[in-house]
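Beneath this line is the structure, given in structure tokens, with notes to follow.
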Amino acid sequence: MFPVDYVKAKSLSDATALIGAHPEAKVLSGGMTLIPTLKQRLARPSHLVDVGGLRELSGIELKDGRLAIGAATKHYDVATSAVVKKAIPALAYLASHIGDPQVRNRGTLGGSVANNDPAADYPAAVLALGAKVVTTKREIAANDFFQGMFATALEEGEIIVRVLFDVPQRAAYEKFPHPASGYAMTGVFIAETKTGIRVAVTGAGPGVFRWNAAEGALAKKLSTAVLDELTVDPAGLNEDMHATREYRANLVKVMAKRALVKMLASR
């Protein structure tokens, strides 16, 4: 690692001031991505501003049909929360299948969303549920937030405070995990919302995306049969030593069908 100054923020305003005073600083919460990046010498921030312990960024609350989860809330807390399990069971299920116990007890919702790893789980839920990302500056709709591989709408010095999820009528998530890391080689989150069916895919492409063809088909008939009639173009999908583009294209359909079966069986 390169030399770096570590600073533990006393409050959200303190963190914002520190980031503003040190343009090369990075925000640290769970550190599940940032610390390995530093160890590999792939980043050289001047300061690490630790916001992991801030009360302003933690907590889970359900109010008026909307679930608010603080950015520093750990995956384990989302997975085991009785509030989340009742409001959006699919979100609790997703959190319970992130990485391994060590990752779930350190990693945070805000860190995952801000990093926007193309194989991360949370972006699929945020996009499928039409969530809103609340920052120190504004409120960003999910459709506008994710902008490609490791790219988001966040501006310099902007910190995620919480994510707001409108409670869907029902939802489900299924993924084909990498056997070592647990990352989604392909994951599909389906949500039946007040405005219609939303289908988000993670792991298959350079970034999370909505499967518009599936949304249109399922809007006419909620059945796995309609998904069988669709084709997924492999062009532009990820390809590596673990899976070809064609294999991932097939996984999109398989995971979508599994998620739909689970959703139809839910409340």
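Computed from backbone phi with θ = phi - 60° and the Karplus coefficients 6.51, -1.76 and 1.60, the 3J(HN,Hα) list for the range 43-59 is 9, 9, x, 7, 9, 10, 9, 7, 10, x, x, 6, 4, 4, 10, 10, x Hz; x is used for glycine and proline. The angle between the Cα long axis of helix 12-21 and the main principal axis of the chain comes to about 70°, on a 0 to 90 degree scale. One equal scatterer on each Cα of the range 90-149, no solvent, Debye formula: the resulting log10 I(q)/I(0) at q = 0.25, 0.26, 0.30 Å⁻¹ is -1.13, -1.19, -1.40. Put simply, the amide H of Gly59, placed in the peptide plane, has neighbours under 5 Å in Gly70, Thr73, leaving out anything fewer than 5 places away on its chain. Listed cross-link partners Lys85/Lys137; Lys74/Lys132; Lys8/Lys63; Lys8/Lys85; Lys63/Lys262 are compared with a 28 Å cut-off, the Cα-Cα value being larger for Lys85/Lys137; Lys8/Lys63; Lys8/Lys85. Given a cut-off of under 8 Å on Cα pairs at least six residues apart, what relative contact order in percent is computed for the chain? Once normalised by length, the contact order is 15 percent.
Average accessible surface for the range 189-267: 50 Å² per residue, computed with a 1.4 Å probe over protein heavy atoms with every protein chain in place. Checking a compactness column here: for the range 189-267, what do you get for Rg(Cα) / (2.2 N^0.38 Å), N being the number of residues? So the range 189-267 has a normalised radius of gyration of 1.09.
Computed 3J(HN,Hα) for the range 181-193, one whole-Hz value per residue from the Karplus formula 6.51 cos²θ - 1.76 cosθ + 1.60 where θ = phi - 60°, is 8, x, 4, 7, 5, 7, x, 10, 10, 10, 10, 9, 10, glycine and proline marked x.
Using only alpha carbons, the range 21-127 has a radius of gyration to Kirkwood radius ratio (Rg to Rh) of 0.99. Subtracting the Cα-Cα distance of Ala141 and Glu215 from their residue separation scaled by 0.36 nm leaves 24.8 nm. Would you mind estimating how fast the range 69-173 diffuses translationally, via Stokes-Einstein at 37 °C and 0.692 mPa s with the Kirkwood radius over Cα pairs, in µm²/s? Answer, rounded: 241 µm²/s.
Of all aspartates and glutamates in the structure, the ones whose alpha carbon falls short of 19 Å from that of Lys10, not counting any fewer than 8 places away in one chain, are Asp50, Glu56, Glu158. Dimensions of the range 170-210 along the principal axes, based on C-alpha atoms and rounded to the nearest Å, stand at 37, 20, 9, largest first. Computed over the alpha-carbon pairs of the chain, the distance histogram in 10 Å steps reads 7, 31, 36, 20, 6, 1 percent, short to long. Dividing the convex hull volume of the alpha-carbon atoms in the range 47-94 by its residue count gives 82 Å³ per residue. The packing ranking, built from the mean of other Cβ atoms within 10 Å per residue, places the peptides 252-262, 217-227 in the order 252-262, 217-227, highest first.
Amide hydrogen proximity for Met185: with H placed 1.01 Å from N in the peptide plane, the residues at 5 or more positions away or on another chain lying under 5 Å are Phe176, His178. Annotation for Thr195 and Ala82: the two label points, set 7 Å from Cα along the Cα-Cβ direction, are 3.3 nm apart. Among the GluC sites (Glu not before Pro) in the range 79-175, those located in a DSSP loop and surrounded by at most 13 other Cβ atoms within 10 Å of their own Cβ are Glu155, Glu156. Considering only the Cα atoms of the range 120-193, their convex hull presents on average a projected area of 5.5 nm².
Spin-label model, Ser46/Glu239: points 7 Å from Cα along the beta carbon direction are separated by 4.4 nm.
Stretched out fully, how many nm does the piece from Asp100 to Asp64 gain, at 0.36 nm a residue minus the Cα gap?
Full-extension gain reported as 9.7 nm.
Remark: relative contact order (the range 206-267) = 29 percent; criterion is Cα-Cα distance under 8 angstrom and separation of 6 or more residues.
The values are calculated or read from the model by the stated rules, or taken from the named source; none is laboratory data. Predicted, not measured: the structure shown is a model, and the values here were computed from it. Cβ: placed from backbone, ideal geometry, glycine included. Neighbour counts: every protein chain shown. With ligands, DNA and RNA removed, areas are computed over all heavy atoms of the protein, side chains included. Shrake-Rupley method; radii C 1.70, N 1.55, O 1.52, S 1.80 Å.
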